[in-house]
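All remarks here apply to the structure that follows.
Every number here is computed from the coordinates shown, using simple stated rules; none is lab data. Bear in mind the structure is a predicted one, so any value in this text is a computation, not a measurement. With ideal geometry, Cβ positions are generated from the backbone for all residues, glycine too; neighbour counts draw on all protein chains shown.
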Amino acid sequence: MENWDLETELVVVGAGACGLMASFAAAQRGVEVILLEKDTKLGCNTELASGSIAAAGTRFQKALGIQGTPEQMAEEVMRKNGGRADREIVLALCRKARDVVDLIVDEVRLPLTLNTDAGRPGQSFLRMHNPPGRSGAPLVRAMHEALARFPNFTFADQTPGAGVLTDSRGAVNGVLCGAEGEQRIGAQKVILACDGFGANKEMLREYISEMAEAEYIGAQGNTGDGIRWGMALGAALEHMSGHQGHGLVCPGYGTRLSPDIAVLGGILVNLNTERFVREDIGYSELAHVVLKQPRGLAVEIFDQRIYDILAGTAHFRDTIEAGALRSGDTVEEIAAALRLDPAKLARSLEGSELEPRYYGAHITGGLAHTQGGLKIDVHGRVLRKDGGVIPNLYAGGGTAAGISGDSAEGYLSGNGLLSALSMGLIAGEHAAAAIKAPESA
């Protein structure tokens, strides 16, 4: 007999989007769930993001006559990553996304709206569904509130996971947790949804060396714990060089500009006041392009029309409050404010639809989150190097390999939450079914 401090049916490690969704799916099906979180004060990537949930065939799209299918969405994800992702998993995630939207609206009781202000490069139809303020923070709060309604759910904050335990056959049967790994919790199933490794310099140098010294804008608790625990059990890794860059980081201000600015007509110039890239490039791969410019900096310029469209979004308000924006009523004024050559800027603005009043900010390339991790199957079960399943172990979110291939260029806007929420729902449902009817799952 194992000597457990506590026993439960399912342990989920990590209270980001994936862990919250997996916990909800399992608790809703009557499973006893314990959700462990390192420290909510550190935040999670979902809270820091725009909360954009990519989906196809939702009620919001149908109401506006927007055509688009999960299969079409999956093909666009695969096209962006150059075919460097598991097609079956990508398709499963895209097909599950509508259920995610319905669950959030109807059961979590958080209103979502379809972003009709601007599309995204590489996406043929509008698909981004956002919480209020286009921020992920309301989603995290609402998920916590919804989970608190289940008597079979327990949330343990400031209780970091410290390792995964196995029986003599190599099947996962519990976790270590606590600051010193002093607690042992027995569980029938374990879902690792704890983090990527964006805040782990050593792992960055090993797997994404070109971004190891770039500004990291993700949650500081993302230190790759779950990935390392899986490796210790012989799990296969996949796409470890994959990542989401962000080419619109405002250095020194702790904020960033919205990708909507370029889609709505904003322009990019370097410090020599020269346009250096097409503005319809994805903001992930833009990070590497900006870092190659003089001093690793550039400037994005837009106008009052774009400012007004984005004024109600949380991230844009943060940028304003941080003092990152400069403004001017003429080309000469905005050029002076941004230390640019006014004559060159006037030429750069030719052909754009921008009109006074102008706004702008200095930007650099940063790392938003990592996209590599443990290799999983279509149900979220962790796979060994030989392709076999590690019994009773699932992974999702930043712990699991993503769907963006092996570089920043493979990231399609929305891939992060698509993977986290859809796989959270898939893994939570599968684990619950296995617990309730082990012979059929």
Rounded Å value of the spacing that divides the Cα centres of the stretch 71-97 and the stretch 252-287:
26 Å
Between Glu355 and Leu42, what is the FRET efficiency for a Förster distance of 41 Å, r being their Cβ-Cβ separation, to the nearest 0.05?
0.45
For each of Cys250, Cys18, count neighbouring Cβ atoms within 10 Å of the residue's Cβ, then give the residues from fewest to most.
Cys250, Cys18
For Gly136, the residues 5 or more places away or on another chain with a placed amide H closer than 5 Å to its own amide H are Ala49, Ser50, Gly51
Residue by residue through the stretch 342-354, which ³J(HN,Hα) values in whole Hz follow from phi under the Karplus form 6.51 cos²θ - 1.76 cosθ + 1.60 (θ = phi - 60°), with glycine and proline marked x?
x, 5, 5, 5, 4, 5, 5, 7, 4, x, 7, 9, 6
Please report the antiparallel percentage of the DSSP beta bridges confined to the chain, to the nearest 5.
65 percent
What distance in nm separates the simple spin-label points at Glu182 and Lys385, each placed 7 Å from Cα in the Cβ direction?
3.6 nm
Percent of alpha carbon pairs in the stretch 244-367 separated by more than 20 Å?
35 percent
Which parts of the stretch 113-155 would a label at Gln67 reach, counting a residue when its backbone N lies under 14 Å from a point 7 Å out along Cα-to-Cβ?
124-126
Assertion target for Trp4, Trp229, ordered by fewest C-beta neighbours within 10 angstrom first, is Trp4, Trp229
Taking 41 Å as R0, compute the FRET efficiency from the Cβ-Cβ separation of Glu107 and Arg87 and round it to 0.05.
0.85
From fewest to most C-beta neighbours within 10 Å, the residues Ile185, Ile53 line up as Ile185, Ile53
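Helix-only estimate, please: 222 nm mean residue ellipticity of the chain, summing -39500 (n - 2.57) across DSSP H runs of length 4 or more and dividing by its residues, to the nearest 500.
Per the formula, -9500 deg cm²/dmol.
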Assigned charges on the beta-carbon of Lys, Arg, Asp, Glu; the chain dipole about Cα centre (debye):
460 debye
A chain fully extended from Ala346 to Arg317 at 0.36 nm per residue, minus the present Cα-Cα distance, gains in nm 7.7 nm
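Which whole-number percent gives the relative contact order of the chain, counting Cα pairs below 8 Å spaced six or more residues apart?
24 percent
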Taking Rh as the Kirkwood radius computed over C-alpha pairs, what is the Stokes-Einstein D of the stretch 1-150 at 37 °C in a medium of viscosity 0.692 mPa s, expressed in µm² per second?
195 µm²/s
Cα principal axis extents for the stretch 1-61, largest first, Å
53, 29, 12
Full extension from Thr330 to Arg295: what is 0.36 nm times the residue separation minus their Cα-Cα distance, to one decimal in nm?
10.0 nm
